[in-house]
Amino acid sequence: MCGIVGYSGPHNSVGPIIEGLSRLEYRGYDSAGICLKINGELQILKKEGKLENLKELITGQKPTSHTGIGHTRWATHGAVTTDNAHPHGNDLYAVVHNGIIENAAALKKDLMLEGFGFKSQTDSEVFLVLLTKFHKLGLSTLQSISRAFSTITGNSAFVIMEKASDKLYAVKRSAPLVVGENKELREAFVSSDPFALVGFAPKIYFPQDGVICEGVPTAGDVSLNFYELDLSPSSRYKFQTNSMALDATSKGPYEHYMLKEIHEQASLIDKLAAYYIKNEGRKVLDGLSGFSSDEWHVTACGTAWHAGLVIKNFFEQINRQRATVDIASEFRYRNPILRNKEIGLFISQSGETADTLACQELCKENGIPTYAIVNVEGSTLFRNADKNFLIHAGVEIGVASTKAFTLMALTGYLMSRAMEKTLDDPSLFGEMKLLSARIADLCANSEPIRAVAELIYTKKGFIFTGRGKYFPIAFEGALKLKEIAYVHAEGYAAGELKHGPIALIDENLVNIAIVGPELLEKTVSNVEEVKARRGLIVVVGPKDNSELEDLADAYIGLDFEGLPNLSPLYVNVALQFLAYHIAKLKGTDIDKPRNLAKSVTVE
């Protein structure tokens, strides 16, 4: 969600801050701003819209500053306006904020009664005013930060700069935050994402909740200090070198990141199979050999939730272990029954999804182990999990997840096979290699899917249907289409059509029907129901099936042979291509769809 970058050091802060914010554009935002300390004063430049608007402001003024903080905002409290953009500042402090202050309304009311004014509609400015209030009561900046942070509720990350020094301060609660240093260049950094600091900060630190970070550049050095809220020194942080690579974010020959990431899936599957079956990841899976849980509480959001539905099928069909799959935003509010010998399994690409993290904390409070299927090593979910299963998808830039879904589901499949003690079965490695080859072939020959997209892209409504193991893929296919093409799309179990959705079907609605070899006759009967009501039929089914081809208005033929467990992931890649081509024909912003954020760090 919101991108944060801060810099303090001997060089001009504008360059690294704007570069860092540019790298975080993929996360989604609707305004951008920067605060720079110039000639001892805090100067704020901000603008609604794209980062280019802010760059134009900066180009016109050509500022030079050794300390600054920048922000790309995704609106939560207050409309998308320049006033509501971050940073927020006054003659003492400037702040940027990622998250939500849940008690902001009550605090704002009290502060206004005390005579404090507000310039924006945001909850974030409440933190700035609290800082100012406590400072005017005679507290130091560190003391004021501690008091202000202890006063608010909700998940948030703040970065603060002050007029009185070149120090940077940061503190967070259940929101992403990383601080970094470059000792050689005497520079301190802070960000909401370590990727923003690649090439700038060789050493990075992940503070835990409630730890105040202080970056102190001096004439000959830079130091990072960590304090508890009582201002005693803290060691509650994780250190690591920043080994991420910038070339991962190059689009290469592809028009969009999403297209690049679809094409990356074949090679990533090969790498994942090698890592977990033949290389260093094997010892992680060997720890599951013969493991049995009374119940798996699988919890995730969006695409990760759909991956969880696929993994549920693996655990129940292969391992005969019960698995329930919950949307994270609902799980903890339904007062779930959590017992000994059960496991919480949390799935997230970013590892910073606020609702998922809250569910992980609930399971930990109830004494059940928490496992994570996650892409970002060092993320909050990763750090807080008892066991981690990294998906090794690399940086995913496209907001609409593609490769992460495939690698999440495959990691769950490998966990299932580890519990079954069949990691050394040659058929496992063979099936994954075959999936990789089929996806590579699909990538090389996607023109027929583009032709189907041309036939249907002007339609306003789409119903995706599937049965059995393809029913989660109907959900995921519909989500991809609505995310990037801005059309109404819903996923259903095919047998549910006659229980309501069939009322929607007419000549203006498209049914994307997934028809696998399993339950074929029953699924075909559902397609016939749509056909009888003049719905437009696109079938994704076995190649060279003349009956299905005659039934469909358009047909995407796939080779299901040899993929008894992984064919749903193969089908899903075809639907990724379909969504991509429809969105391209409609001319939407495929990599940065409106209103969406890559990492959802608020509830």
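Read-outs throughout are calculated quantities, based only on the coordinates presented, and are distinct from any laboratory measurement. Keep in mind it's a predicted model, so treat the numbers as computed, not measured. Reconstructed Cβ throughout: ideal geometry from the backbone, glycine too, with neighbour counts over all protein chains shown.
Axis angle, to the nearest 10 degrees, between helix 257-273 and the longest C-alpha principal axis of the chain: 70 degrees. Scaled to the globular estimate 2.2 N^0.38 Å, the Cα spread of the range 250-443, given as radius of gyration, is 1.00.
Can you figure out the FRET efficiency of V216 with E56, using R₀ = 30 Å and their beta-carbon distance, to the nearest 0.05? For R0 = 30 Å, the calculated efficiency reads 0.35.
Dividing the Cα radius of gyration of the range 283-387 by its Kirkwood radius returns 0.93 for Rg/Rh.
Pairs exceeding 22 Å between alpha-carbon atoms, taken from K203/K283; K50/K203; K482/K586; K312/K543; K531/K586: K203/K283; K50/K203; K312/K543; K531/K586. Computed over the Cα atoms of the range 1-83, the ratio of the radius of gyration to the Kirkwood radius (Rg/Rh) comes to 0.95. One quarter of the surface of the convex hull around the alpha-carbon atoms of the range 252-305 equals 5.9 nm², the direction-averaged projected area.
Principal axis extents of the C-alpha atoms in the chain (largest first, rounded to whole Å): 79, 51, 45.
Kirkwood radius and radius of gyration were both taken over the C-alpha atoms of the range 445-591, and their ratio Rg/Rh is 0.93. The length gained on full extension between T64 and E316, counted as 0.36 nm times the residue separation minus their Cα-Cα distance, comes to 84.7 nm. Taking 7 Å steps out from each Cα toward its Cβ at R533 and M112 produces label points 5.0 nm apart. Partners of K37 within straight-line reach, counting lysines whose Cα lies under 16 Å from its Cα and excluding those fewer than 8 residues away in the same chain: K46, K62, K163, K167.
Against the main long axis of the alpha-carbon atoms of the chain, helix 471-485 sits at an angle near 50°.
Projecting label points 7 angstrom from Cα along Cα→Cβ for E228 and S250 puts them 4.8 nm apart. Axis angle, to the nearest 10 degrees, between helix 14-23 and the longest C-alpha principal axis of the chain: 20 degrees. The stretch between S165 and S150 holds 3.1 nm of extra length on full extension. This uses 0.36 nm per residue minus the Cα-Cα distance.
Once C-alpha pairs closer than 8 Å and six or more residues apart are averaged by separation and normalised to the residue number of the range 265-400, the relative contact order reads 21 percent. Separation of the alpha carbons by more than 22 angstrom is noted, of K172/K364; K260/K433; K387/K433, for K387/K433. Multiplying the residue separation of F239 and V80 by 0.36 nm and removing their Cα-Cα distance gives an extension gain of 53.6 nm.
Note on the range 113-159: percent of Cα-Cα distances in each 10 Å bin, starting at 0 and stopping at the bin with the largest distance, equals 25, 57, 18. Over the C-alpha trace of the range 72-131, radius of gyration and Dmax come out as 10.7, 31 angstrom. In terms of the Cα gyration tensor, with a ≥ b ≥ c the square roots of its eigenvalues, is the range 372-426 rounded because a/c is under 1.5, prolate because a/b exceeds b/c, or oblate? Cα axes put the range 372-426 in the oblate bin.
The relative contact order of the chain comes to 12 percent, based on Cα pairs under 8 Å that sit 6 or more residues apart.
Summary of the geometry: the range 479-549 and the range 172-219, compared by the centres of their Cα atoms, lie 50 Å apart.
Loop-resident GluC sites (Glu not before Pro) (DSSP state other than H, G, I, E or B) in the range 452-525 with no more than 13 further Cβ atoms inside 10 Å of their Cβ: E507. Normalised by residue count, the range 389-495 yields a Cα convex hull volume of 136 Å³ per residue. Does anything in the range 507-528 have its amide N under 17 Å from the 7 Å Cα→Cβ label point of E496, and if so which residues? Counting backbone N atoms under 17 Å from the label point, the list is 511-515, 523, 526-527. Spatial offset of the range 411-463 relative to the range 45-82 amounts to 41 Å, using the alpha carbon center of each. Computed from the Cα positions only, the extents of the range 3-244 along the three principal axes stand at 49, 43, 33 Å, in decreasing order.
Which lysines have a Cα less than 16 Å from the Cα of K109, not counting those fewer than 8 places away in the same chain? Output for K109: K119, K133. Computing FRET efficiency as 1/(1 + (r/R0)^6) for L504 and D589, where r is the C-beta to C-beta distance and R0 is 22 Å, gives about 0.20. Here, the range 208-290 has an Rg and a Dmax of 21.0, 59 Å when only alpha carbons are counted. Among T402, T218, the order by Cβ neighbours within 10 angstrom, fewest to most, reads T218, T402.
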